[in-house]
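Inspection log for the structure reproduced underneath, given as structure tokens.
Coordinate-derived values only; no laboratory data. Since this is a predicted model, take the numbers as computed values, not measurements. FYI the Cβ positions are ideal-geometry reconstructions off the backbone, even for glycines, and counts take in every protein chain you see.
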Amino acid sequence: MAIENELPSVVLSKVAVSETHGEDSPYFAGWKAYDENPYDESSNPSGVIQMGLAENQVSFDMLEDYLGQHSEASIWGKGSPGFRENALFQDYHGLKSFRQAMAGFMEQIRGGRAKFDPDRLVLTAGATAANELLTFILANPGDALLVPTPYYPGFDRDLRWRTGAKIVPVHTESSNNFQVTTQALEDAYERAVAMNINVRGVLLTNPSNPLGATIQRSVLEDILDFSTRKNIHLVSDEIYSGSTFYSSEFTSIAEILEARGYKDSERVHIVYSLSKDLGLPGFRVGTIYSYNDKVVTTARRMSSFTLISSQTQHLLASMLSDKKFTESYIKTNRERLRKRYEMIIQGLRNAGIECSKGNAGLFCWMNLSPLLETRTREGEVALWKSILHEVKLNISPGSSCHCSEPGWFRVCFANMSEETLEVALKRIHNFMEQRKTPSV
Amino acid sequence: MDENKLTLDLVEEWFVENAKEAILGGGGGGGGGGGEGEELSISGIAAYQPSHGLMQLKVAVAGFMSQIMENAVSFDPSLMLLTAGANPAIEMLSFCLADSGNAFLVPTPYYPGFDRDVKWRAGVEIIPVPCRSADNFSLSIAALDRGFNQAKKRGLKVRGILISNPSNPVGNLLNRETLYSLLDFAREKNIHIVSNEIFAGSTHGSEEFVSMAELIDSNYLDRDRVHIVYDLSKDLSLSGFRVGVIYSFNNNVLAAAKKLTRFSSVSAPSQHLLVSLLSDTEFVQKSIKNNRVRLQKMYVAFVAGLKQLGIECAKSNGGFSCWADMSELINSYSVKGELELWDKLLNTAKLNVTPGSCCHCIEPGWFQFFFANLTERDIPVVMNRILKIISCRIILPKQFVIDTGEGWAS
């Protein structure tokens, strides 16, 4: 149609057409390969096994049992008038009973070593929304957050896309198990200053994704001291806190603040979610816990863009206030994750592959650098591709996590059955065996 | 209080009878190996879902939207995105269609929430396009054009028009002719149109509702510039469930907005419940019909009540409220006068009404009264309270009015 060609097409915004959503990285491309050829034990045994998705399926049965036994209460919340409240409630404060249940759950996970005030909890539809929302509040477009590498690839999108904020990476090294050092923080800060970028905060993930390890107490103290010295914010994303294999090995920033008598705590904000610890990503339940009144108020208002359905709040309020259930769930979940971790570490070791020391999360951080043709990002991507297409395993390359050393990969182990994990380990074993035999 | 409680009882009835099955699946706990049983089991609803909504729910919502628009248009589920409510939908479109510092033309009076949804984080300016009581607050293209030119003079780039149809707070329906004129205008200026149709199922009275989608159906040229927003909760009394819709014919907008839905997804168990509810066609039909009948009744009764107090309302054909002219009853014909009366209505009469200035109405003295969260029995109570406030004003000179906090001592 000739007329159509003459008309200028209607333009979209810069945000809409930008690549900052970051979804063109291998992290997401691997998922595509999985989507096109997903492994199934019976119907597609040679399909791609998804080891790039940090989802917790090891404890589903416990949730199923609970909901099966408590369905009425769960759907409406205990006692009537459950339905009406459910249906109409859309206050951005969130249901008080749900906030109380969440605060209690977060305390349980930390073994009672920290206390949480339900009125400081702001609810969001997932941690993804919580991180973006905090960034909108703490930083102006062009400002930066310091984020230790390697970090969750989704941060490139969640922290930067609509907010216009920047990420300045804080480099870590395998030589000390990728721990954050004050020196690395200072270096990152100086780099930002040199580029004329205003640093507004540090964003940590503790336990770390993709490392699968908790941050040591002394390191947390150092990071808090650094943030105080520079007078910037500290965001602690603790969504894997309930997935630490041994409860005592996790220290929350909340504990450190408590030990310091909450002095100077207005710069600290914690993000939590039920997607990982409870294995309920589909429910879209996230929360911001802030020690800063202004942040709480603003975040609450902003949460109107990302509210949790009232029905979901009711359902979970019931479940999370059942202390007997949560106690048992948390304990069993930790044990099962630990067992899985030990299984995969042993399996990888048998194949001649070492991982960094881990004690939490739904994944391990695997070192394949000896296999690289060239110790470069390109070499890593090439290796990743061959693992995806030949071995049919979707694992996440360290470069998509901005790791400073090539050759590291994140391998998820909790989003599948034990049998499937065996199959995956076998494939890895064969892959390593084949590489030993000289090619003809 | 823009809630619709009028069909709450019907929905409640449905839930009591059906919801447990809907959320957990028949036989509980993923018994059957079949696809449907699995989807409704805990593992089906717990796992990561597409952030822009389950296809099943989109299909159901598309059907529902078509039904409430009297089947004048059919909606394609693949052009739909689901969001946690309508306000993130408006915000997402603001991010996708305009850059920070650009502007949208918005007819006034408009829903106060737009200031937050469009301006706050997306940084898009709103250029108000005034509508006047003289022609029942109808939208004129001439006014749009003036707004466009004013923006240009201020150095603001207009990227789109945001209309509400039925409008809020007035409750006007935009007729076919006006919609075509809007399209012409948008084409001429090469800008977008966002049509906020969240009250489409809440029309009452005799006028015909025409969706922008109906015009675009047969018009290939303008498809890329039209985007529709809908809100399931308005018509189903389910505001707590948070289900908004972006419907667009523009693949680029869909692609960008799809990625943004990550920040604002609908909870999976809620989605599953809604799939069940919407597929109960008998219930849906009953609900749509009842909603309209009850809204009509309440609207007529409420307007009549106000008329008895000497308060006229703008002619409305949709929504949960009426738009009342209390300009004769304010101290001074100004925003100050209006807010003084509002203060009395809120704090003395304890009626939560919205003053016209919050809606950017250029004529002072108009107020938005919500009636959809009331029953017929409440109307005389409301009217009584209003009477007490205004009789203090009209009958007695100011020096004889003693404000005891109850508003009617003299």
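The Cβ shell under 11 Å around B:L173 holds other residues with a net charge of -1, Lys and Arg each +1, Asp and Glu each -1.
Within the straight-line cut-off of under 29 Å between alpha carbons, the lysines reachable from B:K259 are A:K14, A:K32, A:K166, A:K276, A:K385, A:K392, B:K58, B:K119, B:K157, B:K189, B:K234, sequence neighbours fewer than 8 places apart in one chain being disregarded. Across all Cα atoms of chain A, the radius of gyration (one decimal) and Dmax (whole number) stand at 22.5, 75 Å. B:L156: net charge of surrounding residues, Cβ under 12 Å, Lys/Arg +1, Asp/Glu -1, itself excluded? Taking every other residue near B:L156 into account, the sum is +3.
For A:S290, the residues whose modelled amide H falls within less than 5 Å of its own, excluding neighbours fewer than 5 places apart on the same chain, are A:V122, A:I270. Here is the tail figure for the range B:271-400: Cα pairs spaced more than 23 Å apart come to 40 percent of all pairs.
The reciprocal of the average 1/r between distinct C-alpha atoms defines the Kirkwood hydrodynamic radius, which for the range B:145-259 equals 15.3 Å.
Across 5 Å bins from the origin, how do the percents of Cα pairs in the range B:214-315 run, short distances first? Using 5 Å bins, I get a P(r) of 2, 9, 13, 14, 14, 15, 14, 9, 6, 3, 0 for the range B:214-315. Helices that extend 30 Å or more along their long axis by alpha-carbon positions and average at least 0.5 on the Kyte-Doolittle scale are absent among the DSSP H runs of chain A.
The simple spin-label model puts a point 7 Å past each Cα toward its Cβ; for A:E418 and A:S386 those points are separated by 3.3 nm. The spacing between the range A:144-176 and the range A:196-267, judged by their C-alpha centroids, is 15 Å. Only Cα sites of the range A:318-440 enter the Debye sum here, all with the same form factor; the resulting log10 I(q)/I(0) across q = 0.09 1/Å is -0.30, listed in q order.
Among the trypsin sites (Lys or Arg not before Pro) in the range A:293-326, none sits in a DSSP loop with a Cβ that has at most 13 other Cβ atoms within 10 Å.
Shape index of the range B:292-368: Rg/Rh, with Rg the Cα radius of gyration and Rh the Kirkwood radius from the inverse mean 1/r over Cα pairs, equals 0.97. Going from the residue with the fewest nearby Cβ atoms within 10 Å to the one with the most, B:T375, A:T332, A:T251, A:T124 rank B:T375, A:T332, A:T251, A:T124. Classified by the C-alpha gyration tensor, the range B:84-189 has an oblate form. Its axis ratio a/c, with a ≥ b ≥ c, is 1.5 or above, and a/b does not exceed b/c.
For B:Y111, the residues whose amide H sits under 5 Å from its own are B:N168, ignoring neighbours fewer than 5 places away on the same chain, with H placed 1.01 Å from N. Normalising by residue count, the range A:165-281 has a Cα convex hull of 117 Å³ per residue.
Computed over the Cα atoms of the protein assembly as shown, what is the convex hull's projected area averaged over all directions, in nm²?
Here the figure is 39.3 nm², rounded to one decimal.
Using the Cα gyration tensor of the range B:202-269, with a ≥ b ≥ c the square roots of its eigenvalues, what is the shape: rounded (a/c below 1.5), prolate (a/b larger than b/c) or oblate (neither)? Oblate, since a/c reaches 1.5 and b/c is not below a/b. Using only the Cα atoms of the range A:176-234, build the gyration tensor, take square roots of its eigenvalues as a ≥ b ≥ c, and label the shape rounded, prolate or oblate: rounded if a/c is under 1.5, else prolate if a/b is larger than b/c, else oblate. Because a/c hits 1.5 or more and a/b exceeds b/c, the range A:176-234 counts as prolate.
Using every pair of separate Cα atoms, the Kirkwood estimate puts the hydrodynamic radius of the range B:46-130 at 14.8 angstrom. Quick one: if the Förster radius is 25 Å, what FRET efficiency do A:T297 and B:N252 give, using the C-beta to C-beta distance and rounding to 0.05? Calculated value: 0.10.
Only helices enter this figure: runs of n ≥ 4 DSSP H residues, each worth -39500 (n - 2.57), summed and divided by the residues of the protein assembly as shown, yield -13000 deg cm²/dmol at 222 nm to the nearest 500. D by Stokes-Einstein for the range A:122-166, Kirkwood Rh over Cα pairs, 20 °C, 1.002 mPa s: 201 µm²/s. Amide H contacts under 5 Å for A:E354: A:N367, restricted to partners 5 or more places along the chain or on a different chain, H placed in the peptide plane at 1.01 Å from N. The stretch between A:S218 and A:R375 holds 53.3 nm of extra length on full extension. This uses 0.36 nm per residue minus the Cα-Cα distance. By the beta-carbon count within 10 Å of each Cβ, the least crowded to most crowded order of A:M62, A:M106, A:M195, fewest first, is A:M195, A:M62, A:M106.
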